[in-house]
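Written out below as structure tokens is the structure these notes cover.
A short reminder: the numbers here are calculations on the coordinates, not readings from a lab. Since the structure is predicted, the reported quantities are computational estimates derived from the model, not experimental observations. Cβ sites come from the backbone with ideal geometry, for glycine too, and all protein chains shown count toward neighbours.
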Amino acid sequence: MEIIREAGQMQRWAETARLAGEKIACVPTMGYLHEGHLSLMREGRRRASRLVVSVFVNPTQFGPSEDLNSYPRDFDRDCALMEAIPVDTVFAPQPADLYPPGFQTWVEAAEITRGLCGAYRPGHFRAVATVVAKLFNIIKPHVALFGEKDYQQLRTIEQMVRDLNFDVEIVAMPIVREADGLAMSSRNAYLSPEQRASALAISRALRAAGQKLAQGVRRAQELREAARVVLDAAGELNVQYLEVVDAQTLEPIGLIEAPVLVAIAAWAGRTRLIDNCVLVPPPAPTP
Ligand code: PAF
């Protein structure tokens with residue numbers, strides 16, 4: 001497995017691979033890999049002849065009071081996991097290489113980033129879209145894989161690819177969960193055993209919303225209420241938002257007639273967790 005640290009060298013690698021007729025899959029990550037990342041890599045491996053994984057803790061997507069300095073990092077462990085996939089090439093640049101002095105160009109998808117996490121993390125999705133656009137220009141992938149756990153991020157990237165005509169196929173991959181339902185995240189490493197136990201209420205709340213829809217309820221407010229009861233019963237959880245939105249536009253909805261996203265962000269102590277599920281209403285019976 002080759003490790004490339006410099007953007008120019010990565011671009012030359014990608015150009016050579018393309019000229020040789022290789023198909024490049026790319027999995028962008030911030031490292032501290034878990035089974036969720038590995039599932040993206042396995043699918044990338046399946047879809048292409050060359051698999052590139054970027055490992056870059058992107059400083060611009062962290063707010064001033066967020067966890068950039070303490071974000072978990074273990075490059076040696078990450079490399080061992082990637083070798084086992086196997087990944088062909090790891091792109092692990094330094095911040096100064098991607099953001100040289102004078103950097104001033106940003107990519108912003110407007111409406112899709114307004115609500116949900118975007119409302120609480122100003123500038124976050126602009127920074128994510130910008131770094132992913134840069135990674136696409138550097139790694140030149142034919143296909144790139146993203147997890148549905150970061151659903152708003154996924155939709156933002158899909159929107160960017162469409163609006164800016166990036167020639168990259170975006171593949172959405174399902175959330176990978178621990179056996180007890182907790183969605184896998186690098187930030188789970190921060191949780192104390194008590195906080196982890198409380199955090200399980202998030203996936204339980206999503207299931208409660210799903211059950212309401214399955215029972216025939218179509219008012220989004222009722223799904224929200226069912227989820228809220230579960231979250232409120234959990235000890236150490238501080239809910240930031242609990243929303244039911246259109247799964248495509250991410251706009252709030254009243255009546256569920258098309259697929260919806262139920263999305264939750266909550267603090268367990270000082271750790272911010274997000275989770276979601278897409279619910280599809282069964283078609284209305286024909287008269
Ligand atoms: O999901 C992540 O790990 C990051 O937001 C990404 C897509 C690698 C961009 O920094």
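Computed packing ranks the peptides 40-49, 278-287 as 40-49, 278-287, most packed first, by mean other Cβ atoms within 10 Å. Using bins of 10 Å that start at zero, the share of Cα-Cα pairs per bin across the stretch 1-132 amounts to 11, 37, 36, 15, 1, in whole %.
Of all DSSP bridge pairs formed entirely within the chain, close to 50 percent run antiparallel. Just to check, using Stokes-Einstein with a Kirkwood Rh over alpha carbon pairs, what's the diffusion coefficient of the stretch 117-236 at 20 °C and 1.002 mPa s in µm²/s? In µm²/s, the coefficient is 128. Reducing the stretch 153-196 and the stretch 1-64 to their Cα centroids gives an inter-centroid distance of 16 Å. Only alpha carbons enter this Debye calculation for the stretch 59-163, each as an equal point scatterer, and the log10 of I(q)/I(0) it gives at q = 0.12, 0.14, 0.17, 0.24 Å⁻¹ is -0.49, -0.67, -1.00, -1.51.
Rg/Rh, computed from the Cα trace of the stretch 211-287 with Rh as the Kirkwood radius, has the value 1.03. Straight-line reach from LYS140: taking Cα to Cα under 19 Å and skipping same-chain neighbours fewer than 8 places apart, the aspartates and glutamates in range are GLU2, GLU6, GLU15, GLU22, GLU43, ASP88, ASP97, GLU158, ASP163, ASP167, GLU169. Taking LYS134 as the anchor, which lysines have their alpha carbon closer than 30 Å to its alpha carbon, excluding any fewer than eight residues away along the same chain? Answer for LYS134, where 30 Å is the Cα cut-off: LYS23, LYS149, listed by chain and number. The phi-based Karplus calculation (6.51 cos²θ - 1.76 cosθ + 1.60; θ = phi - 60°) puts the 3J(HN,Hα) values of the stretch 94-99 at 8, x, 5, 6, 7, 10 Hz, whole numbers, x for Gly and Pro. Here LYS212 is the anchor, and no lysines lie within straight C-alpha reach of less than 16 Å, apart from those fewer than 8 places off in the same chain. Entry note, the chain: relative contact order of 17 percent, from Cα contacts under 8 Å with a spacing of 6+ residues. Each distinct pair of alpha carbons in the stretch 168-261 adds a 1/r term; the inverse of their mean, the Kirkwood radius, is 14.7 Å.
Which peptide among 152-159, 225-232 comes first, and what is the full order, when sorted by highest mean count of other Cβ atoms within 10 Å? Walk me through the numbers before you get to the answer.
Details: 152-159: 22.4, 225-232: 17.5.
Top of the packing list down: 152-159, 225-232.
Diffusion coefficient (Stokes-Einstein, Kirkwood radius over C-alpha pairs, 4 °C, 1.567 mPa s) for the chain: 65 µm²/s, rounded to a whole number.
Which shape class applies to the stretch 35-97: rounded if a/c is under 1.5, otherwise prolate when a/b exceeds b/c and oblate if not, where a ≥ b ≥ c are the square roots of the Cα gyration tensor eigenvalues? Let's see the in-between values first.
Working: a/c = 2.17, a/b = 2.01, b/c = 1.08.
Here the stretch 35-97 falls in the prolate category.
Based on DSSP H runs of at least 4 residues, each adding -39500 (n - 2.57), what is the mean residue ellipticity at 222 nm of the chain after dividing by all its residues, to the nearest 500 deg cm²/dmol? Present the calculation step by step, with values, prior to reporting the outcome.
Details: 9 runs with 109 residues, N = 287.
-12000 deg cm²/dmol, from helical runs alone.
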